[in-house]
Amino acid sequence: MAKILSFSGSPSATSRTARLLRHLDDRLRQHGHDVTPLDVRTLPADALLGADFGHPAVVEATALFGDADGVVIGTPVYKAAYSGLLKTLLDLLPQYALTGKTVLPLATGGSTAPVLAIDYALRPVLSSMGAAHIVPGWFTLDKDITTGDDGTLAVAPGTAEALAHVTDTFSRVLGGRTAVLAATG
């Protein structure tokens, strides 16, 4: 159906945010989408911090955005805002890197205090980058995401239902937009 870039702005190698995204990637694949994961933390720090637009890893990440029909953006929330690592990559992308794309913003955090970070911190940036449609996102509490000893991810039942709903909505909107774009050439 559609090409989706699913990227995590978490700096942690054991990130709940990244694990949650990979879990949702599987659901999107079940809908027939081609999903490419990208963890910003795997990009070279010198390229990100030095704003090296020509670095091969930055060029490749930029190309992934360009090829995607839809983008899932996941970030932990720190001090009521999305991660600095996410901001660093967004700053390196072209101004209108999200033009024509459907975007699903997701966030994780330790308390409900920053629950509006998606709407008040992240959504304006995504909009300024030209996103065609930013579907309603979801904020997930860290306590609702657990990892078993075998590496399996478990999501609290109410949260799992909500995430399934926002993911399915994203898939539906993206599928509809992709069909319209294909029909109009």
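The values are calculated or read from the model by the stated rules, or taken from the named source; none is laboratory data. On a predicted model such as this, the values are computed, not experimentally measured, just so you know. For neighbour counting, all protein chains shown are included, and Cβ atoms are generated from backbone atoms with ideal geometry for every residue, glycine included. Quick note on the areas: whole protein, heavy atoms, side chains included, nothing else; ligands and nucleic acids left out. Shrake-Rupley method; radii C 1.70, N 1.55, O 1.52, S 1.80 Å.
Observations
- Net charge over other residues, Cβ less than 14 angstrom from the Cβ of Gly54 (K, R count +1; D, E count -1): -3
- Over the chain, volume per residue of the alpha carbon convex hull, in Å³: 112 Å³
- Estimated [θ] at 222 nm from DSSP helical runs (n ≥ 4, -39500 (n - 2.57)) normalised by residues in the chain, nearest 500: -12500 deg cm²/dmol
- Cα-derived Rg to Rh of the stretch 61-152, Kirkwood definition: 1.00
- Axial C-alpha extent at least 30 Å, average Kyte-Doolittle at least -0.5 - helices from the chain (DSSP): 157-184
- Accessible surface of the chain, 1.4 Å probe, proportion on carbon and sulfur as whole %: 57 percent
- Cross-link reach list, aspartates and glutamates versus Lys87, counting only Cα pairs under 19 Å and skipping chain neighbours closer than eight places: Asp39, Asp46, Asp52, Glu60, Asp119
- For the chain, built as a Gaussian network whose Cα springs stay under 10 Å, the top-fluctuating residue of Asp69, Asp91, Asp39: Asp91
- Surface analysis of the chain yields an accessible area of 47 Å² per residue, using protein heavy atoms and a 1.4 Å probe.
- Net charge, Thr88 excluded, C-beta distance under 12 Å - Lys, Arg +1, Asp, Glu -1: -1
- For Lys143, the lysines whose Cα comes closer than 19 Å to its Cα, not counting residues fewer than 8 places off in the same chain, are Lys79.
- Note on Ser127 and Ala45: the extension gain reaches 26.9 nm, defined as 0.36 nm multiplied by sequence separation minus the Cα-Cα distance.
- Here the spin labels are modelled as points 7 Å beyond Cα on the Cα-Cβ line, and at Tyr120 and His165 they lie 2.3 nm apart.
- Relative contact order [Cα under 8 Å, 6+ residues apart], the chain, whole percent: 23 percent
- HN-Hα J in Hz across the stretch 136-141 - Karplus 6.51, -1.76, 1.60, θ = phi - 60°, x for Gly and Pro: x, x, 8, 9, 10, 6
- Local electrostatic count at Gly151 - Lys and Arg +1, Asp and Glu -1, tallied over other residues with Cβ under 11 Å: 0
- Percent of Cα pairs exceeding the 14 Å cut-off, where the set is the stretch 108-170: 65 percent
- About the centre of its Cα atoms, the stretch 5-149 shows a dipole size close to 380 debye [charges on the beta carbon of Lys, Arg (+1) and Asp, Glu (-1) only; nearest 20 debye].
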